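A short worksheet on the structure shown next.
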Amino acid sequence: MSADDELIREFLLESWEGLNQLDRDFVELERNPGDRDRLGAIFRCIHTIKGTAGFLALRRLESVAHAGESLLSRLRNGDFLLDAEMTSALLAMVDAIRSMLERLESSGGEGEETYEPLIATLAALTAGQRPQAASAVEPSVAAAAPPPPAAHAPTPTPTPAPSVAAPAAAPEPTPVAVEHAPEPDVVEVQDHATAADAPSPSPEPRETPPPVASAPTPTPEAPAMSTAPAPQPEAAPARKSDAPEPTTGKAAPPAGGGSVSDTAIRVDVGLLDRVMNLVGELVLARNQILQYGATFKDAGFANASQRLNLLTTELQEGVMKTRMQPIGNVWNKFPRVVRDLAHACSKKVELSLDGTETELDRTIIEAIKDPLTHAVRNAVDHGIERPEARVAAGKPEAGRLILRAFHEGGQVNIEITDDGGGIDATKVRNRAVERGLISADRASRMSDREAVHLIFAPGFSTAEKVTNVSGRGVGMDVVKTNIEKIGGTVDIHTQPGHGTTLKIKIPLTLAIIPALIVTSAGNRFAIPQVSLLELVRLEGEVAARSLETLQGSTVYRLRGNLLPLVFLDRALELKATTGSADTVNIVVLQADDRQFGLVVDGINDTEEIVVKPLGKELKGISAFAGATIMGDGRVALILDVLGIAQRANVVSAARERSMVEKATSAQSRAEDREALLLFRLGPDGRMGLPLSMVARLEEIPRDSVEFAAGREVVQYRGAILPLLDVRRALSVASNASHDAPLQVIVYSEHGRSFGFVVDQILDTVEESLSIKQRSNREGVLYSAVVGGKVTDILDVHGVIRRIDPSFFSREAA
Amino acid sequence: MAPQTRQLCTFSLGELLFGVAVTHVQEVIRYQEMTSVPLAPALIRGLINLRGQIVTALDMRARLGLPAREGELPMNVVLRTTDGVVSLLVDEIGDVVQADESAFERVPETTDGILREIVSGVYKLDRRLLLLLDVERVMQNSQANSKGEAA
């Protein structure tokens, strides 16, 4: 039921409006029973409630409304003329609907009450079973009858003899009102509040039986009158209850105790957007004032600006909240989606939603609808196995799919977890190679984690038979792109055999974001904090020493990993103002699945900035995501981290992406250009090997070399790394001094590694190898002209095979 | 028949006098500090904070291929276009002129290429010619340029 919250709220709002009108209509109608238009209006209202209740699977509500509708239908057709008896029965129906709606609002369910007596009465009236002597018999019977129904809510026989039915009809209205009270578990607070706050206005819950018992005595109209007032007292205490009694608030989930129609209003979204924009402007003005205020010392002004600061922040939060919607709004369609899809795939899936109340800006809610649906469909389609397979794997027959949402660090995290088969990295690799997304070399070099991320590659998914891959497939690139578009990130964790978790992080709002302000060549830029990992500052000698250059591209060793560096001034073609780099500021950023360091001149503060779009004439520049106005009133550009990374070619995924695009038109073009690592062997031997085969470059002290099984090995990252001296393999004399550390190229495949010992690492180049010549020399694949010089390309597999023939046997197996 | 007139806001660039329909002009303001946009075509001089709105400033001298401005700071003619608000950086602001439609003529064939791209016609005023600027075309071309740059 909770999944339909939004629908239910709307239903409640509508129904309350309708019901309030109904009370008036009935009273009027009773005075003027021939009023066809009014009858029609009542009929339509009840009909709508019945229809919506049916749609929302509120069966009891539906059946009550249905019984009333049948009677109204006959009245409308002119079969009967409305009389007091019918009016009371119909009003009782309105009350029944009202109390069910109240229960629905406070507890989310329509309650257990079935209102069988009421339905029976309405049915009897519809069937035309009306007592001839109703007015005579009723008072006496009614006076006697009411207490029992009120006490144990009996079920009168559906079609009793007319004379009995009529008396029964009169008291029925009362049990309805009474039943409302005996069910304290569901509507407890509301009822107590009602009873406590408003005992005086009317015969509410517990006090009902006596008044009714006495009321019918004078005339048959009396019961009608006694039930008619009931609505007003009910509505009034509900309103009252949230003011004087604070306890009501926490017990009634929607809108703090009051009826929805009392506490909620409909607001035009456009208006909210305008208010949000204004608050954005206010935030900027506040920033300006704070900055200005800091320049002169005036306690009064400082106080005022401080207060402005706090109020603005509060206002900003408040306005943001008005635009917030629970994520349940998106999720509420998933139970159905999952059920249908599971059915179609003959699977059993139990969906549980956790954190449906987590709120997000409505623009973001819109933006994540499709990606989330994709992801959920994928989890059911490809994640969860068929019941047979699950049982065979020792899991319960029904798969579990868990959607979790929660706030963390100013972001919203959404996790989609299934306990399915997980993703087989090897299959993903094969599939990616098959589809030409990556080269086989690259695939084999990838870690399982990296390989699993290939499912996000465009083109991986478009295959018709993605189900071949025992993971997810359809549209995962769409998921990733759409989430990234709104500044979010997607990550996937999988455990073969145990399931997969898709982790999505998205910002709370798009309009105002925290950003790091940096300077480069005299310009200020804002970097969205979402992409920021850490800041590194290198000073003096350290700065000069720790930056290493590989053919024009600079890298920095960050905790042992090579971090490609991008100089912001160069990337943006700025005129550098500082020539000598005494200090180096590196902003470590995450772009796609890669990290890179952005070298800037200065790192300032973090600030809340208001994102403003760039004019159409600047949209083409991918390096910028937008602009903002800084505290001093000047404009600063917001960097698009991914765009910068792509410009500087540090994002491999971007390369892969463009490769895929090219691959469709000219498959070979990407193949032609090859990235090579060049190294020196002997005094002037220049050799290369594909960069894709290089896992790492290491310097290893000579004295750490040990021997195992007659081979040179070193202990390396908690494992034994066999060394392979390329000089010896190719019979080249080494001229390296004997105490210099070994230059080692680490190569990994299938979880095993080799260290190639060379004389010197020269460079990396990316070049199209147009001139190739097969080589007869052992250990050399071919010779090519690289960077204007003839270079031998090392036959990595051949060399390894010679030393360790078993190395590739696993691959064949 | 009463002569039809058109109100034009005029400004000068070098020797040339331009006009744009006053209905296009949001305001005319003095030189504003601006933030240059790296990687953007030369036409785009920078971004201006116009009361909280970020407006792109287009250097009309660069657009016309005139030599760069020296000394005097340019003025901003802020225009509303279908693609949003832009500012044209010009040398000097002139008067608002009531131009007579009967004095309007298409651009002579012999006019320089760049001018023909962005000028939709000429008003023959008493002593000089007033070139009617086609705002949308100035914009279109600036987009084409920036796309070319980004590619």
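Each reported figure results from applying straightforward, stated rules to the coordinates on display, with no laboratory input. All figures in this text were calculated on a predicted structure; none of them were measured in a lab. Using ideal geometry, Cβ is built from the backbone for each residue, glycine included, and neighbour counts are taken over all protein chains shown.
What distance in nm lies between label points placed 7 Å from Cα along the C-beta direction at A:Ala285 and A:Ala304?
1.4
About the Cα centre of the stretch A:326-507, how large is the charge dipole given +1 on each Lys and Arg Cβ and -1 on each Asp and Glu Cβ? Please answer in debye to the nearest 20. Walk me through the intermediate numbers first.
Values: 26 positive and 25 negative charges, 79 e Å.
Around 380 debye, computed over the stretch A:326-507.
At what distance in nm do the modelled label points of B:Ile29 and A:Ala41 sit from each other, each positioned 7 Å from its Cα along Cα→Cβ?
Reported label-point gap for B:Ile29 and A:Ala41 is 5.5 nm.
Over chain B, with a Gaussian network built from C-alpha contacts below 10 Å, which listed residue (B:Ala68, B:Ala42, B:Ala57) shows the highest mean-square fluctuation?
Residue with maximal mean-square fluctuation among B:Ala68, B:Ala42, B:Ala57: B:Ala68.
Under 8 Å for C-alpha pairs, at least 6 residues apart: give me the relative contact order for chain B, rounded to a whole percent.
Working: 286 pairs, mean separation 41.0, N = 151.
The normalised contact order for chain B reaches 27 percent.
So, in Å, what gap is there between the alpha-carbon centers of the stretch A:404-428 and the stretch A:588-641?
Each part reduced to its Cα centre gives a spacing of 29 Å.
So the label point goes 7 Å from the Cα of A:Thr583 along Cα→C-beta, right? Which residues of the stretch A:601-636 then have their backbone N under 16 Å from it?
Answer for the stretch A:601-636: A:601-606.
Measure up A:Lys321/A:Lys612; A:Lys427/A:Lys485; A:Lys50/A:Lys347; A:Lys348/A:Lys395; A:Lys333/A:Lys503; A:Lys333/A:Lys395 against 23 Å on the Cα-Cα distance and list the ones that go over. Display every interim value, and only then the final one.
Values: A:Lys321/A:Lys612 21 Å; A:Lys427/A:Lys485 29 Å; A:Lys50/A:Lys347 33 Å; A:Lys348/A:Lys395 12 Å; A:Lys333/A:Lys503 20 Å; A:Lys333/A:Lys395 27 Å.
From A:Lys321/A:Lys612; A:Lys427/A:Lys485; A:Lys50/A:Lys347; A:Lys348/A:Lys395; A:Lys333/A:Lys503; A:Lys333/A:Lys395, over 23 Å: A:Lys427/A:Lys485; A:Lys50/A:Lys347; A:Lys333/A:Lys395.
Using the basic label-point model (7 angstrom from Cα toward the beta carbon), what is the B:Thr81 to A:Arg801 distance in nanometres?
In this crude spin-label approximation the distance works out to 6.3 nm.
Would you order B:Val22, A:Val94, A:Val412 from fewest to most other beta-carbon atoms within 10 Å of each residue's own beta-carbon? Each step should come with its number before you reach the end.
Numbers: B:Val22 12, A:Val94 28, A:Val412 24.
With the fewest neighbours first, B:Val22, A:Val94, A:Val412 line up as B:Val22, A:Val412, A:Val94.
Please arrange A:Ile720, A:Ile46, A:Ile603 by how many other C-beta atoms lie within 10 Å of their C-beta, fewest to most.
On the way: A:Ile720 13, A:Ile46 27, A:Ile603 16.
Least crowded to most crowded, the residues run A:Ile720, A:Ile603, A:Ile46.
I need the peptides A:319-326, A:306-313, A:567-574 ranked by packing, meaning the mean over residues of other C-beta atoms within 10 angstrom, with the highest value on top.
Ranked by mean Cβ neighbours within 10 Å, highest first: A:567-574, A:319-326, A:306-313.
Report the net charge of residues surrounding A:Thr628, where surrounding means a beta-carbon distance below 14 angstrom and charges are Lys +1, Arg +1, Asp -1, Glu -1.
Values: positive: A:Arg286, A:Arg524, A:Lys612, A:Arg634; negative: A:Glu281, A:Asp605, A:Glu607, A:Glu608, A:Asp632, A:Asp640.
Overall, the nearby charge balance is -2.
In what order do A:Asp37, A:Asp5 fall by count of nearby beta-carbon atoms within 10 Å, going from fewest to most?
Details: A:Asp37 8, A:Asp5 19.
Ordered from fewest to most neighbouring Cβ atoms within 10 Å, A:Asp37, A:Asp5 come out as A:Asp37, A:Asp5.
Specify whether the C-alpha gyration tensor of the stretch A:295-397 places it in the rounded, prolate or oblate class, a ≥ b ≥ c being the square roots of the eigenvalues: rounded for a/c under 1.5, otherwise prolate if a/b is larger than b/c and oblate if not. Write down the numbers at each step before the final one.
Values: a/c = 4.88, a/b = 3.66, b/c = 1.33.
Because a/c hits 1.5 or more and a/b exceeds b/c, the stretch A:295-397 counts as prolate.
Quick one: helix B:135-150 against the long Cα principal axis of chain B, what's the angle to the nearest 10°, folded into 0 to 90?
That works out to roughly 30 degrees.
With the cut-off at 1.5 for a/c, could you classify the stretch A:513-653 from its C-alpha gyration tensor as rounded, prolate or oblate?
Numbers: a/c = 1.73, a/b = 1.46, b/c = 1.19.
Prolate.
Compute the signed sum of charges (Lys and Arg +1, Asp and Glu -1) over the other residues within less than 10 Å, Cβ to Cβ, of A:Asn287. Walk me through the intermediate numbers first.
On the way: positive: A:Arg286; negative: A:Glu607, A:Glu608, A:Asp632.
Combined, the nearby Lys, Arg, Asp and Glu give -2.
Quick check on the stretch A:326-507: take the gyration tensor over C-alpha atoms, sort the square-rooted eigenvalues as a ≥ b ≥ c, and tell me if it's rounded (a/c under 1.5), prolate or oblate.
Details: a/c = 1.85, a/b = 1.18, b/c = 1.57.
It comes out oblate by the Cα gyration axes.
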